[in-house]
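Q: Pasting a structure below so you can have a look.
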Amino acid sequence: MPKRDLILLALEDSTTSLLMQRALRAASYEVAIAQEASALEKIIQESVPALLLIGEKFSGQSGLRWAGEILERFPTMPVVLYAATDSLELCKQVLQAGLSGYLCPPLRNDDIVQTVEHSLAHARRMGDWLRREVKKTTASLEKRAELSEAERKRFEHIFSNIQDGVIILDDEGRIQFVNRVVASVFELNGNCRGKPIIEVINHPDIYTLVKRAKLVPLKYHEISFDDGRIFNAQYTPIEGVGAVITMQDISYLKQLDRMKSEVVHTISHDLRSPLTSVLGYTELVERVGALNDQQVEFINRIRSSVESITALVNDLLDMSRLEAGFDTRREVIYPENILKFALDTVEGQLQLKGLSLAVDIQPNLPSLRGNPIRLRQLFDNLIGNAIKYSPPGGVISVSLRAEGQQIIFKISDQGPGIPPTEQARIFEKFYRASNAPDSVTGSGLGLAIVKSIVDAYQGRIWVESAVGKGSTFFVVLPTG
């Protein structure tokens, strides 16, 4: 009769051990004996017995404790406990410990063999069940893996064939994916996955985009190429992934905008000459001869109207120059000096309306690189608006400070405020808030010019306002 499974006996009582050996061997089981901890460990490692039958006390420790340690390492091995006396408490401890069963005197051969066979049969059923579950789980995981791979290929195919450029980065700024458009635009060859973007794509605008995105939230950034192409890039952080950079080719939009600006520039330039002539002749009329009061009033109205139209033409010319990209002057400028000069020039207007000015300029501000005329124009327009819309006796607050690698300009007034539904449109050309007082004149181009100047310097501008409480404008410009 062939030998059956190996049973390991870990019993200190030699009489009990001998009895169990005889019973198990008579049932054709192989039996191994361990009388101390080292022998138990050696047999388990070398032979991996089918069942462990351990005494209530073994090698100076509790058999239940030994059984728990064995089950932690070999959770499918059936363990039977031998105890000197039977009790309800022992039964509860055996069940709680996860053992297969227990034996107590009086011992009979049949009882020993039946307990062992029952434990082995239960272990086989559990093993079969585990194998089935593992097989089912493995099949499910394989199916999911197949679906995931198919989905991944599907998304890669979509990303590769859309007309916008797509770059996916991890949290460390390493490239995880670039689509066909990006590879073509930046002439990328070979696999660039896992490499830092600033090493793979050697372009100053990309470097600036990634650098600025780490400092402030950034949605729009232009990337220009020597051949005239211009892309609008958007940097979007994604939690758990890193970030995605998308790029849209806006070259044709820039071209249309330049054409429009050139038309406006030409018309505005041609208008300014006759307006200057009209203004000059109004001054000459008074020199020819005496005028009555009504004629003087008419002349003054003509002069005022011509000056308003001239101011509008000048604003249009400024807008066209900015939008056409003619403002290329760059030099080191100190914003606090320009702001102080701009504030000095409006002292008369402030006194005329009885306005108070609260100024907070941080000392030793870093310099900017730009056109001092444009920065002065930015300050003049925002300060001028605050003066125009502030009620007599009101307060205007101005602050200029550095934060990180950027300059922040803030100006607050106590004017009528801007309705929430209109705040997103106030930087559009010719747009004026619906609650603007009729007594306050304007072309609706001042804030549009300010926005164009800020955009030209890769900055940001926004407004916080409440109707009846005033408005606060914020301008953020990068330093360096």
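Each value in this text was obtained by applying a stated rule to the coordinates, not by laboratory testing. Please read all numbers here as calculations on a predicted model, not as lab measurements. Neighbour counts are summed over all protein chains in view; Cβ atoms, including those assigned to glycine, are modelled from backbone coordinates with ideal geometry.
Q: Highest mean first, what order results for 229-238, 250-259, 382-391, 177-186 on Cβ atoms within 10 Å?
A: 382-391, 177-186, 229-238, 250-259
Q: Next question, about the same structure. Percent antiparallel among DSSP beta bridges with both residues in the chain, to the nearest 5?
A: Around 70 percent antiparallel, to the nearest 5.
Q: Going 7 Å from the Cα of Thr137 toward and past its Cβ, which residues in the range 76-119 have a backbone nitrogen under 17 Å from where you end up?
A: The answer is 76-77.
Q: What nm value, rounded to one decimal, do you get for the distance between Ser305 and Asp13 when each label is placed 7 Å out toward the C-beta?
A: 12.4 nm
Q: If r is the Cβ-Cβ distance from Val244 to Val48 and R0 is 35 Å, what FRET efficiency results, to the nearest 0.05?
A: So, using R0 = 35 Å, E works out to roughly 0.10.
Q: On to the next question. For Leu95 and Gln35, FRET efficiency with R0 = 30 Å and r from the beta-carbon atoms, rounded to 0.05?
A: So, using R0 = 30 Å, E works out to roughly 0.60.
Q: Which order do the peptides 470-476, 10-16 come out in when sorted by mean C-beta neighbours inside 10 angstrom, highest first?
A: Packing order, densest peptide first, comes out as 470-476, 10-16.
Q: Suppose each label sits 7 Å from its Cα in the direction of the beta carbon; what would the Arg180-Arg154 distance come out to in nanometres?
A: Label-label distance for Arg180 and Arg154, simple model: 2.0 nm.
Q: Also: Anything over 22 Å Cα to Cα? Flag those among Lys92/Lys135; Lys388/Lys410; Lys353/Lys451; Lys340/Lys469; Lys388/Lys451; Lys410/Lys451, in the order listed.
A: Among Lys92/Lys135; Lys388/Lys410; Lys353/Lys451; Lys340/Lys469; Lys388/Lys451; Lys410/Lys451, the Cα-Cα distance tops 22 Å for Lys92/Lys135; Lys353/Lys451; Lys340/Lys469.
Q: Same structure again: What is the spin-label model distance, in nm, from Asn435 to Val296 if the labels are put 7 Å beyond Cα along the C-beta direction?
A: In this crude label model, Asn435 to Val296 measures out at 4.1 nm.
Q: How much length is gained on full extension from Ala456 to Gln114, taking 0.36 nm per residue of separation minus their Cα-Cα distance?
A: 114.1 nm
Q: While we're on this one: Note down the relative contact order for the chain as a percent, whole number, built from C-alpha pairs under 8 angstrom at least six residues apart.
A: 7 percent
Q: Return one number: the angle in degrees, 0 to 90 and rounded to the nearest 10, between the long axis of the Cα atoms of helix 204-213 and the longest principal axis of the Cα atoms of the chain.
A: It is inclined by approximately 70 degrees.
Q: Per DSSP H run of at least 4 residues, take -39500 (n - 2.57); add these up for the chain, divide by its residues and hand me the 222 nm value, nearest 500 deg cm²/dmol.
A: Calculated from helices alone, the mean residue ellipticity at 222 nm is -16500 deg cm²/dmol.
Q: Which of the peptides 240-246, 406-412, 198-204, 17-23 is most tightly packed, and how do the rest follow, judged by the mean count of other Cβ atoms within 10 Å per residue?
A: 406-412, 17-23, 240-246, 198-204
Q: Cα axis of helix 251-288 to longest principal axis of the chain: angle in degrees, 0 to 90, nearest 10?
A: 20 degrees
Q: For Glu172 and Cys104 in the same chain, what is the full-extension length gain: residue separation times 0.36 nm, less their Cα-Cα distance, in nm?
A: So the extension gain works out to 18.1 nm.
Q: Hey, what angle do you get for helix 88-97 against the long axis of the chain, alpha-carbon based, 0 to 90 degrees rounded to 10?
A: Taking the Cα atoms of the chain, the angle to 88-97 is about 50 degrees.
Q: Send over the Kirkwood Rh of the chain, from the inverse of the averaged 1/r over different Cα pairs, rounded to one decimal Å.
A: 31.2 Å
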